[in-house]
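K.L.:
To start, I am sharing the structure in question, which I have written as structure tokens.
Only the coordinates and a few stated rules stand behind these numbers; no lab work does. All values derive from a computational prediction rather than experimental measurement. Cβ sites come from the backbone with ideal geometry, for glycine too, and all protein chains shown count toward neighbours.
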Amino acid sequence: MVQFALPKNSTVTQGKHYPAPEGAKNKHTFNVYRWNPDNKENPRLDSYEIDMDKCGPMVLDALIYIKNNVDSTLTFRRSCREGICGSCAMNIGGTNTLACTKACEDVKGDVKITPLPHMPVVKDLVPDLNQVYKQHASIEPWMQNDEKPPSPSATNSDAVAAGFAAPGRERLQSPEDADKLNGKDGHGPAMCIMCFCCSTACPSYWWNGDKFLGPAVLLQAWRWIADTRDRMKKKRLESLEDPFKLYRCHTIMNCTNTCPKGLNPAKAIAEIKMQMVKQKE
Ligand code: SF4
Ligand code: SF4
Ligand code: FES
């Protein structure tokens, strides 16, 4: 019988324990994945006891507290601290989410923090996003329209008078067309912050991440297909017509369930499939 075993260095070992300072009354434990490419050691889970009276309420606050006060070698990405840049995406308590918008008190018991799953790790909580960025570039995520922008006379004169329009230099959209991108409820595809919580929660992406584009990139593809100012809809759809790039989505919905911004990549993928059928009719 064939026997499978994980490579020895893939086992996560129990790491160091850092107790809370004496006198701490409001303790919370954070078990954090650590891996350093510069030594040959296995990854480990270090355990940090934090006095929450000294620390902000979010998981990112706790990580920053640890880095500043307990262990400066801890490595993670972050920038905006308000759910806009997408850089602090990680797995917290078993769910992919943003550390800056996840409250510590919303995680039951000790808080386990690991990098986004099924991605190579650069160090500690930092995943290697090169492959997914390459896939994003492959959908040509920029506006493509060779037509000249509307002449001054064709531009809404009220908008010009109010200083909202630059006639001859920009392409205006109707509010209805803009809603297709932003979403009437603010959860449209243009609101995606490219955190990749969705792609790294998708089983199809885990197994075929080299060929399947995954929900984050497909949502971006839909964002450009749905943009009424773009003129490359046909070419964009044709480029996705491939057994792997799009059709590895089996509507498992992990992507939509995990998105920390409340977006719906699974619906975007369904929209692309529908547009493909329409294009063939
Ligand atoms: S709906 Fe599709 S893209 Fe989303 S998790 Fe499922 S298989 Fe992946
Ligand atoms: S759809 Fe949501 S989870 Fe996926 S990359 Fe965009 S913001 Fe992140
Ligand atoms: S730090 Fe920017 S989204 Fe969390």
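K.L.:
Semi-axes, largest first, in whole Å: what does sqrt of 5 times each Cα gyration tensor eigenvalue give for the chain?
P.N.:
41, 25, 15
K.L.:
Using modelled amide H (1.01 Å from N, peptide plane; none on Pro or chain starts), what sits under 5 Å from the amide H of Val121, excluding residues fewer than 5 places away?
P.N.:
Asp128
K.L.:
Additional query: Mind checking which lysines have their Cα closer than 16 Å to the Cα of Lys184? Skip sequence neighbours fewer than 8 apart in that chain.
P.N.:
The reachable lysines, counting only those whose Cα sits under 16 Å from Lys184, are Lys261, Lys267.
K.L.:
Further question on the same structure: Which percentage, to the nearest 5, of the DSSP beta bridges contained in the chain is antiparallel?
P.N.:
70 percent
K.L.:
Among the trypsin sites (Lys or Arg not before Pro) in region 79-157, which ones are in a DSSP loop with at most 15 other Cβ atoms within 10 Å of the Cβ? Mind listing them?
P.N.:
Counting only loop positions with at most 15 other Cβ atoms within 10 Å, the trypsin sites (Lys or Arg not before Pro) in region 79-157 are Lys108.
K.L.:
So for region 17-152, what percent of the C-alpha to C-alpha distances run longer than 17 Å?
P.N.:
So the pairs more than 17 Å apart make up 64 percent of the total in region 17-152.
K.L.:
Nearest 5 is fine: what % of DSSP beta bridges in region 13-127 come out antiparallel, could you say?
P.N.:
Given both bridge residues lie in region 13-127, the antiparallel proportion sits at roughly 70 percent.
K.L.:
Identify unpaired cysteines across the chain, taking unpaired to mean no other cysteine Cβ lies under 4.7 Å from the residue's Cβ.
P.N.:
Cys55, Cys88, Cys100, Cys104, Cys192, Cys195, Cys197, Cys202, Cys249, Cys259, each lacking another Cys Cβ under 4.7 Å.
K.L.:
Determine the sum of side-chain charges near Gln14: Lys and Arg each +1, Asp and Glu each -1, restricted to other residues whose C-beta is under 12 angstrom from that of Gln14.
P.N.:
Here the count lands on +2.
K.L.:
What ranking, highest mean first, results for peptides 256-265, 197-206 when packing means the other Cβ atoms within 10 Å averaged over each residue?
P.N.:
197-206, 256-265
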